[in-house]
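The values are calculated or read from the model by the stated rules, or taken from the named source; none is laboratory data. Everything quoted here is computed from the prediction, not taken from an experiment. Quick reminder, even Gly has a Cβ in these numbers, built from the backbone with ideal geometry, and neighbours come from all protein chains shown. Areas reflect the complete protein model, heavy atoms only, side chains present, ligands, DNA and RNA absent. Shrake-Rupley method; radii C 1.70, N 1.55, O 1.52, S 1.80 Å.
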Amino acid sequence: MRKSPLLEQAWRYWTSQRLGTGLPRRAALDPKEMGPILGHSMVLDRLRAGNVRVRLGGHVMSQLMGMEVRGLPVRAFFDLTDRTRVMDQIEQVFERPATLEFDLISEGADGIVTGRMLILPLLDSAGQVTKALAVMVTDRIATDPPRRFQLTHSTLIPVVGTARRDPAAEPQRRMTDHSLPVEIQAGMAEQAVPFQGKPSVVPWLRVVK
């Protein structure tokens, strides 16, 4: 269970698009089904190693940056001092593949804003892991964009049974909460790999509408 209800909803939506233990395809994302997730979401596009850009972004993400986020490198959301380690972990989302969750904090003119970002890998039309769904929530609305976030904690978990597997040939079916992949039923079968940093200053986050 994610600490944010919205991130939990994003996790369940991503899971519902999986075919067996395979990864969802980018084309399977349906804005009409995403509900409140949509405004907090970005579709990331890995052009090459170390170059991950925002393909599409919701209005909440644009408010945080004070501009249209489409085309921005994803590192632009992070403080300069944290960009290298953030990008090293985001690369693992595509390489392993893996799910990634960040605890974040930002200090600005109107005070501290804390946030949490969940990044989930997706397949492109060729069956390669070059896309990802990123969903971010903050504890309040920031009125002084752009906001750059520092990393306080991260959790990287390899997705079981997805060695760049192409599920195109598998039977098309939608999964329900009663037929989740084995690793989710078991609370993820592999050990999380956390980054040890400063603890988050809030125990939970609310949805920003």
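Between Arg12 and Arg55, what is 0.36 nm times their sequence separation minus the Cα-Cα distance? Round to one decimal in nm. The partial results should precede the final answer.
On the way: separation 43, 0.36 × 43 = 15.48 nm, distance 2.20 nm.
Using 0.36 nm per residue and subtracting the Cα-Cα distance, I get 13.3 nm.
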Original post:
For the range 19-116, which trypsin sites (Lys or Arg not before Pro) are both in a DSSP coil and crowded by at most 15 other Cβ atoms within 10 Å?
Top reply: Arg70
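For Asp124 and Arg140 in the same chain, what is the full-extension length gain: residue separation times 0.36 nm, less their Cα-Cα distance, in nm?
The span from Asp124 to Arg140 would gain 2.4 nm if fully extended.
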Subject >> Carbon/sulfur fraction of accessible area - the range 1-153, other protein chains in place, 1.4 Å, % >> reply: 52 percent
Original post:
So which GluC sites (Glu not before Pro) in the range 1-77 are both in a DSSP loop and have at most 13 other Cβ atoms within 10 Å of their Cβ?
Top reply: Glu68
Subject >> Derived scalar couplings ³J(HN,Hα) [the range 26-39; Karplus, 6.51 cos²θ - 1.76 cosθ + 1.60; whole Hz; x for Gly, Pro] >> reply: 4, 5, 7, 5, 10, x, 5, 9, 7, x, x, 4, 4, x
Original post:
What relative contact order, as a whole-number percentage, does the range 1-154 give when Cα pairs under 8 Å and 6 or more residues apart are counted?
Top reply: 26 percent
